[in-house]
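FYI, it's all coordinate maths here, none of it is from the lab. Values in this document were obtained by computation on a predicted structure and should not be read as measured data. As a convention, Cβ positions derive from the backbone with ideal geometry for all residues, glycine included, and neighbour counts pool all protein chains shown.
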Amino acid sequence: MNQKTVLVIEDNHVNMKLVRTLLKIGNYQVLEAIDAETGIEMAKKHRPDLILMDIQLPGIDGFEATSILKSSEDTRYIPIVALTSYAMDGDKKKAEEAGCDGYACKPINTRTFLDKLTPFFQDSTIKDL
Ligand code: MN
């Protein structure tokens, strides 16, 4: 099985460290960006299998970055999971509207985080049973 690549766009280094640690436990290859502008460039260049998108970022925020990625032919197929804060009511709806494919609430639940990501890596092709 090929190792899957996850691009994490997150400006908080504590969250980044946690997510990186969990993803490595899950045997994912991890790419990191601390702002949306860099993250968008990395997404176009490396075509990760999944993007984890913080919402509150310096410069372009996670909603706008998602809209940009979802309006580009090159990157629209990449699933994006928003990292939203429990405190921010309405973030889930806004994440959906921006085109996010899922969301994970912060603080991140270390027990369930990897399981929540699994569906995004499943083959969309029909299985030969
Ligand atoms: Mn942030």
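Modelled label positions at Arg76 and Gln3, each set 7 Å beyond Cα in the direction of Cβ, lie 3.2 nm from each other.
Place a +1 charge on the Cβ of each Lys and Arg in the chain and a -1 charge on the Cβ of each Asp and Glu, then give the dipole magnitude about the Cα centre in debye, rounded to the nearest 20. Before the final figure, lay out each step's value.
Numbers: 16 positive and 20 negative charges, 95 e Å.
Roughly 460 debye, rounded to the nearest 20.
Listed by chain and number, the lysines whose C-alpha is less than 17 Å from the C-alpha of Lys94, apart from same-chain residues fewer than 8 away, are Lys70, Lys106.
Per-peptide packing, taken as the mean over residues of other Cβ atoms within 10 Å, places 97-104, 4-11, 115-122 in the sequence 4-11, 97-104, 115-122 from highest down.
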